[in-house]
Amino acid sequence: MKSLLVFVLSILSIATFATPAQASRLGERMAKVSESFLGKPYVADPLGEGAKARFDRDPRLRLDGFDCTTFIETVLAISKSRRSQDVGSMMDRIRYKRGNVSFETRNHFTGVDWIANNSRAGYVRDITIEVAGSNARLAEALIEKDEWYRHLSADRLSGVEESMKGKRLEELRALSRNHGKSLESMPYIPKETIDKNPELLEKIPQGSIINIVRPNWDLTKQIGTHMNVSHQGLAIHKGGVVYFRHASSSKNVLKVVEVPLVDYVRGTLASPTIGGINVLQVR
């Protein structure tokens, strides 16, 4: 734990004292903090509710590996903290509804959970329409949390004793009774619009969160519900180029990397399911 705090403190020092102008701007802090994680390995679902949790005993904070969402959450938590000892509590407020730590209150779904709760907390603001103007489109998906819970497998029970996994899985799936279905609406900039008008990306503020939108993505067979988002990363302005900095899950690039955002988007043009990008400004 001591080495973790020392590392966080060193990142905070870089982000805070790079220049007086940068220190006052959260987006610049996001850029500095995320830069320190370039090259860190991709780790699927690396975080949970801690060693005493009932279902997922993965740590609540780690800095040695990320998936796409925990990369964003960790960068945001560090960037919004002024002291290393504040990072953990900030992380909890970002990852859980009202900071109440449990599997059930974790922000599992991007739109109805993560964006809704972090917008309500004042941490992010959707600026997609401001960036895209009349080019913006709307993705809608029915998020079936009840079915998602019923589809959960024992793989979600990290750190639970083998002898207890059957019982814990029954408990986890039974949480479906507390949840129903909700319509998720998410604005996005079509990938074709970006391809033809790459200058639009220059309107995205430094350190903004980029969601890769797959409108009404049908994952009912795999996880029991449709979704609208398949990946996340950060928009980073550097040397006159807007980069997409993200924890890549590509089998050939399993680490935190950056690529020009327009190139990333153009690489999705042939995808039948990817529609474009959603933009969240950090606050």
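Things to note:
- Spread over its residues, the convex hull of the C-alpha atoms of segment 76-205 is 151 Å³ per residue.
- Rule-of-thumb Rg ratio for the chain [Cα; 2.2 N^0.38 Å; N residues]: 0.99
- Taking the convex hull of Cα positions in segment 194-261, its mean projected area over all directions (nm²): 5.8
- Annotation: aspartates and glutamates with alpha-carbon distance below 19 angstrom to Lys191 (same-chain offsets under eight excluded): Asp126, Glu130, Glu140, Glu199, Glu202, Glu258, Asp263.
- Placing R0 at 45 angstrom, the Cβ-Cβ distance between Thr220 and Arg25 gives a FRET efficiency of 0.60 after rounding to 0.05.
- Peptide packing: for 246-252, 269-275, 44-50, the average count of neighbouring Cβ atoms within 10 Å per residue gives the ranking 44-50, 246-252, 269-275, highest mean first.
- Label zone at Arg54 (point 7 Å along Cα-to-Cβ), backbone N below 19 Å, segment 89-115: 96-108
- Here the spin labels are modelled as points 7 Å beyond Cα on the Cα-Cβ line, and at Arg83 and Asp45 they lie 3.6 nm apart.
- Per residue, the chain reaches -9000 deg cm²/dmol at 222 nm when only DSSP H runs of four or more residues are counted, each adding -39500 (n - 2.57).
- List Thr105, Thr128, ordered by accessible area with a 1.4 Å probe, largest first: Thr105, Thr128
- Inter-label distance, nm, simple model (7 Å from Cα along the C-beta direction), Val259/Asp155: 2.3
- Gain in span if fully extended, Ser134 to His179, counting 0.36 nm per residue against the direct Cα distance: 12.7 nm
- Solvent-accessible heavy-atom area per residue, rounded to whole Å², over segment 13-153 at 1.4 Å: 42
- Cross-link partners of Lys80 among lysines (Cα-Cα below 29 Å; sequence separation of 8 or more within a chain): Lys2, Lys32, Lys40, Lys52, Lys97, Lys203, Lys238, Lys255
- Normalised per residue, the volume of the convex hull around the Cα set of segment 154-283 (Å³): 164
The values are calculated or read from the model by the stated rules, or taken from the named source; none is laboratory data. Since we're looking at a predicted model, the values are computed, not measured. All Cβ positions, even for glycine, are placed from backbone atoms using ideal geometry, and neighbour counts span all protein chains on display. These accessible areas exclude ligands, DNA and RNA; they are computed on the full protein's heavy atoms, side chains included. Shrake-Rupley method; radii C 1.70, N 1.55, O 1.52, S 1.80 Å.
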